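The values are calculated or read from the model by the stated rules, or taken from the named source; none is laboratory data. Just so you know, these numbers come straight off a predicted model, no measurement behind them. Note: ideal-geometry Cβ built from the backbone for every residue, glycine included; neighbour counts use all protein chains shown.
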Amino acid sequence: MKKLLPLLLLILIGCSEPEPINMDEMLNLRDQVYYTKDTNKPYSGPVFSLHKNVEFNIQEGTLKEGKWDGLYKSFRRTGERIGQEEYEINYKNGMKHGDWKHYYISDDILKLTGRDEKTFVDDRLIMRKRYYEIFISDLQDDILKLTEESFINSDNNWIDKKFYYHNNGELRIETFSNRSTSDIEPLNCKVYNENGQLLYEGNRCFY
């Protein structure tokens, strides 16, 4: 048994995950493929990137044959007043594949927080949802807006659904429209008061 312990340790060490490398220092990007500077071969393994200048940006993820593969994360902050952003993107062989998420917080003047979610299949966008809250310091009331967009593959159309809310949480405006790359169908809009009563329904919206 004692003779087997060194062999088991070597196997465990060999199977352990490699340490992430600094892609800015050790890799070159050519034609969307990352190559090692010393061997000039496409790199496979975990990587990270760190920038500290006007923007503070951190990236981390995994490369496979020089292309992003698996979960990629990015955090960005641009100064004291500009806010911050976070990304989570799933890749497959260099293409966006699966869930894509974007979180953001804006500056001091226009306070906006939100979440942008997408779903990709082989770099093709098939679903998108956006949620965001806006607060403008010059106004007395908060403005809350939820947008949901769904992509239909068959005829390349977007189905847009948008919802606006009163401060008490009641639905204020809901809109629905179809739009393709060639035209935009008439918009259907409903407007409600703070008690949930329907005030207007038609093809024009009053925000």
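The figures follow:
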quantity: Qualifying residue in the stretch 25-43 (condition: over 24 Å from Asp122 (Cα atoms), surrounded by fewer than 16 Cβ atoms within 10 Å (Cβ to Cβ), at pLDDT 90 or above and of a type in the set (Lys, Arg)); calculated: yes
quantity: Any chance Gly83 is crowded, with 17+ Cβ neighbours inside 10 Å, at pLDDT below 95 and touching a Ser or Thr at 6+ places or on another chain (Cβ under 8 Å); calculated: yes
quantity: Some residue of the stretch 190-197 being surrounded by 13 or more Cβ atoms within 10 Å (Cβ to Cβ), within 26 Å of the chain's Cα centre (by Cα) and at pLDDT 75 or above; calculated: no
quantity: Close pairs from the stretch 16-37: first farther than 19 Å from Asn57 by Cα, partner charged (D, E, K, R) and not in a helix (DSSP H, G or I), Cβ under 7 Å, at least 6 apart; calculated: Val33/Lys67; Tyr35/Lys41
quantity: Number of the exception - Lys52 against (1) within 25 Å of the chain's Cα centre (by Cα); (2) of a type outside the set (A, V, I, L, M); (3) at pLDDT 70 or above; calculated: (3)
quantity: Filtered residues of the stretch 86-120 (kept if at pLDDT 70 or above, over 14 Å from Tyr131 (Cβ atoms) and among the charged types (D, E, K, R)); calculated: Glu86, Glu88, Lys92, Lys96, Asp99
